[in-house]
Amino acid sequence: MQTALFRYGILLAALGLWPNSLAAQRTELPSLAFQTIYRQITSLRLSEARQGLQALRQNGPPTPVAYLLENYIDFAQVLLDDQEASTQYFYQQTANRLQAIRRTNGTSPWRRYAEAEMRLQQAVLMGKSGRYLACAQETRRACILLDENRQQFPHFALNRKSVAIVQALLGVLPDEFRWAAELLSGVRSSVWGGIGELERLLAEGDPETLFFEEEIRLAIALLRLNLLEDKEGAWRVLQGPRWNARQNPLAAYSLAVVAARSGRNDEAIRLLETSPEGEPFHPFWQRYYLIGLLKLNRLDPDADEPLRRFARHFLGETGRWEACQKIAWHALLHGDTAGYRLWMNRIAATRRPRTEQDQAAWREAREGPMPEPTLLRARLLFDGGYYQRARETLIQQPAHRYTGVLALEYTYRLARIAHASGHCSEAERYYRQTLQQGAQNPAYFACQSALQLGILYEQTQRCALAKDAYQTCLRLKPQQYRISLHAKAKAGLDRLRKVC
């Protein structure tokens, strides 16, 4: 959710002159009222933003910026609520606004830009629901509009921002989809190229990029985090006074995501627990899921409370069954096997969910086996960045106690802990052992070990070995997490093409 919501964030200021052979044209800065509404949207004060737009309508016909803001409000609500009725309403309203926006002033760079952003928002939801061909077609329409806008308004920097994000995200698609996506979108994929373009925009310091510096920094951070495995770089790029987590729940959530992924679990919990809620903010139940998950990583005895609150109030689909799984894990770790089965039976009674994480919970509920408590504790502690506690938990049990898939998980967990602790030789040995013994096993441990070997070799500048490990990852087909593991391996190969 967090990457999609910001991937198509709206940057509402552009200021600059561009000359041509006939005259110079000026890109007008949106009014202070529009900028206020923008700030309300990005801090989830959606009702206030709607009221502000309604008041502006009384002063004249809507502008491209007004239509874009209206669409962004609906888009944010769809992502937060995650319900089919809201999605269909969004499509209907977007179609109406696209027709209306074409009747606005054609000499403004905001006209094509607003239409392109609306189409990219639709593309996000189409891809999220598995409508990949429609997603690619909408992306292509958006990229054509941005290219036309760039030719007519070459100093309108926001055109470059949107294309750069598309370029980076296309870079991690599997080969069987990437060529078609590139053909349909007209954009050549490159993880490094897209991130580099965003960083150049920030360095150039144009007024619109500086005014909305925090959004561009967020896009860079999330792409670095998810595509480059650059956790420290992602954390550094978000540091600054403009990220007011105590006043903006979306800022707190974004910082918490990056903090948690970079080994700052305690800081992530603090950010979320001190972020604002209630009136005037739109309900943000995903915040409670993340608090519960991070507290579970710390093995807090009350970790199930925010997870239960999320499961009780969130009516969308994405994450519901993963939350139930985490509540079940909490029960299991406290010796309540009946409670574990109760929550897993709730998951098993549903149809197959849509996302990888929910699917993993669904498979565990239907096919088992029940997690082994020691391995589960070590997994959670590792995810929270508590590496020494995770290692101590593991070595309390001898390796010969585990057989089959549990033996694979044991060596895999030891490898991840050693890798994160800087013990590269030990990590390499355990990764290779897991890969050798688990290549034919449907569990994800061997595929993940190949990916992590690639990352380890890349970090130590052993490019040939890194390439071989990433390609091994792509050859393995685990039942769980295959799409995300292969996407990360693709990103790794793209990085190697740049540096090796």
Review point. Given the conditions (1) surrounded by fewer than 17 Cβ atoms within 10 Å (Cβ to Cβ); (2) of a type outside the set (F, W, Y); (3) modelled with pLDDT of 95 or more; (4) under 19 Å from Q83 (Cβ atoms), and given that D336 satisfies all but one, which numbered condition is not satisfied?
Key: (4)
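Every residue, every condition in (1) at pLDDT 90 or above; (2) surrounded by fewer than 17 Cβ atoms within 10 Å (Cβ to Cβ); (3) at positive phi, yes or no:
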site: P62; (1), (2), (3): no, no, no
site: E70; (1), (2), (3): yes, no, no
site: Y89; (1), (2), (3): yes, yes, no
site: P109; (1), (2), (3): no, no, no
site: R119; (1), (2), (3): yes, no, no
site: V124; (1), (2), (3): no, no, no
site: L133; (1), (2), (3): no, yes, no
Check your understanding: Tell me, which helices (runs of 4 or more DSSP H) lie completely within the range 395-469 with 2 or more residues that are under 24 Å from the mean Cα position of the chain (by Cα) and small (G, A, S)?
Key -> 445-459
Review point. So which helices (runs of 4 or more DSSP H) stay within the range 195-256 end to end and still have 2 or more residues that are surrounded by fewer than 18 Cβ atoms within 10 Å (Cβ to Cβ), over 17 Å from the mean Cα position of the chain (by Cα) and not basic (K, R)?
Key: 207-211
Point to revise | Conditions (1) modelled with pLDDT of 95 or more; (2) surrounded by fewer than 17 Cβ atoms within 10 Å (Cβ to Cβ); (3) farther than 16 Å from A469 by Cβ: number failed by T403 | key: (1)
Point to revise | Subset of the range 406-432 (residues that are surrounded by fewer than 18 Cβ atoms within 10 Å (Cβ to Cβ) and polar (S, T, N, Q)) | key: S421, S425
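Condition check ((1) outside the structural domain of T87 (by TED's automatic domain parsing); (2) under 27 Å from the mean Cα position of the chain (by Cα); (3) more than 16 Å from R366 (Cα to Cα)) across all residues:
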{"position": "N297", "(1), (2), (3)": "yes, yes, yes"}
{"position": "A303", "(1), (2), (3)": "yes, yes, yes"}
{"position": "A311", "(1), (2), (3)": "yes, yes, yes"}
{"position": "E317", "(1), (2), (3)": "yes, yes, yes"}
{"position": "E322", "(1), (2), (3)": "yes, yes, no"}
{"position": "K326", "(1), (2), (3)": "yes, yes, no"}
{"position": "H330", "(1), (2), (3)": "yes, yes, yes"}
{"position": "R341", "(1), (2), (3)": "yes, no, no"}
{"position": "R352", "(1), (2), (3)": "yes, yes, no"}
Exercise for review: Please verify whether the range 187-204 includes one or more residues that are modelled with pLDDT under 70, of a type in the set (S, T, Y) and within 23 Å of K498 (Cα to Cα).
Suggested key: yes
Practice item. Name every residue in the range 470-500 that is in a helix (DSSP H, G or I) and of a type in the set (K, R), in order of residue number. Key: R475, R482, K488, K490, R495, R497, K498
Review point. Can you name the residue in the range 113-135 that is among the polar types (S, T, N, Q) and in a helix (DSSP H, G or I) and is also nearest to the chain's Cα centre (by Cα) among such residues?
Key: Q121
Point to revise | Qualifying residue in the range 34-46 (condition: without any contact (Cβ under 8 Å) to a residue 12 or more places away in the chain and over 25 Å from the mean Cα position of the chain (by Cα)) | key: no
Check your understanding: Scanning the range 446-481 for residues that are modelled with pLDDT under 90 and crowded, with 16+ Cβ neighbours inside 10 Å, which turns out nearest to E229 (Cα to Cα)?
Key -> Y481
Review point. Which residues, taken from the range 62-108, are touching a residue at least 60 places away in the same chain (Cβ under 8 Å), closer than 18 Å to F281 by Cα and either not in a helix (DSSP H, G or I) or not hydroxyl-bearing (S, T, Y) (or both)?
Key: F75, A76, Q77, L79, L80, D81, D82
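The values are calculated or read from the model by the stated rules, or taken from the named source; none is laboratory data. Quick caveat: nothing in here was measured; it's all calculated off a predicted structure. Every residue, glycine as well, gets a Cβ built from its backbone with ideal geometry; the counts of neighbours run over all protein chains shown.
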